[in-house]
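Notes to accompany the following structure.
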Amino acid sequence: MTQPEPNDTQPGPVRVLVFGAALRTESTNARLASLAARLIADAGAIVDLAAMHDFAMPSYDGDAEAAEGLPDGALALRDRLEACDAFAIASPEYNASLPGVLKNAIDWVSRVRPQPFKDKHALLLSASPSMVGGNRGLWTLRIPLEHLGTRVYPDMFSLARAHQGFTDDGLLADTGLQQRLADTVTAFLHLVEADVRYVCLQRRWYEFLGDRTEAPITQRAED
């Protein structure tokens with residue numbers, strides 16, 4: 001059956017960019033990103049599944065930016081961010097922090113105006129062979145994203161012992177964790193869908209419990 005074209009009264013399905021933040025081909029975070037993309041598509045959203053290699057770029061250099069502008073990889077990530085309503089990142093943990101290649105990509109893309117991370121919803125995931133599951137890296141990843149105005153979903157998902165965590169068909173070996181990931185993805189998409197469909201939510205995003213309902217939008221370093 002042909003779906004009707006989206007319009008003001010009947011917006012189309014939400015669009016979500018999903019990518020793993022490790023360069024290694026067999027990365028467990030690439031597998032987790034693929035699984036998240038599968039769950040997001042099953043929930044009715046449109047998925048753009050990418051890999052970190054799709055956004056290859058040199059280390060940020062202000063002189064290079066001034067002389068040559070943004071590299072192609074940064075522009076590619078900018079374009080795919082602008083085409084989505086939300087994004088999900090499956091990121092490894094390097095030395096209790098986020099990978100340098102991901103931070104570098106964020107730094108390059110943050111130079112674009114208008115700034116494409118602003119007001120996007122983000123779901124953060126991680127996979128690690130450790131018992132922590134890469135969760136410490138996600139806490140550090142929140143910092144630059146929230147500074148840039150991204151609405152990072154509070155419930156992050158971390159898969160511990162990830163080298164043993166997947167079945168041959170790409171699901172999580174622990175059925176309880178599989179259900180929790182599915183529930184997290186569904187709840188995240190419900191929030192994104194509400195923000196896309198109801199303009200009043202786009203005009204109010206409260207960072208602090210003390211924010212007043214009549215207060216203007218909080219101004220941050222996201223512009």
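The numbers here are math on the coordinates, done by the rules we state, and not lab data. Everything quoted here is computed from the prediction, not taken from an experiment. Note: ideal-geometry Cβ built from the backbone for every residue, glycine included; neighbour counts use all protein chains shown.
Okay, here's what the table says:
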| item | result |
| --- | --- |
| Packing-based order for 166-179, 80-93, using average beta carbon neighbours within 10 Å, highest first | 80-93, 166-179 |
| Full-extension gain in nm, Ala56 to Arg161, via 0.36 nm per residue minus C-alpha separation | 35.0 nm |
| Beta bridges per DSSP with both ends in the range 1-130, % antiparallel, nearest 5 | 5 percent |
| Within-10-Å neighbourhood charge of Tyr60 [Cβ basis; K, R +1; D, E -1] | -1 |
| Total formal charge among the other residues, if their Cβ is under 15 angstrom from that of Arg31, Lys/Arg +1 and Asp/Glu -1 | -1 |
| Separation in nanometres of the label points that stand 7 Å from Cα toward Cβ, at Leu23 and Arg197 | 4.2 nm |
| Listed peptides 102-108, 122-128, 30-36 by packing density, highest first (mean Cβ within 10 Å) | 122-128, 30-36, 102-108 |
| Residues with amide H under 5 Å from that of Phe87, placed H, sequence gap 5 or more | Leu17, His121, Ala122, Leu123 |
| In Hz, Karplus ³J(HN,Hα) per residue of the range 167-180 (6.51, -1.76, 1.60; θ = phi - 60°; x = Gly, Pro) | 8, 4, 8, x, 8, 7, 5, 8, 5, x, 5, 4, 5, 5 |
| Computed label-point distance, nm, for sites Thr175 and His147 using a 7 Å Cα→Cβ extension | 4.5 nm |
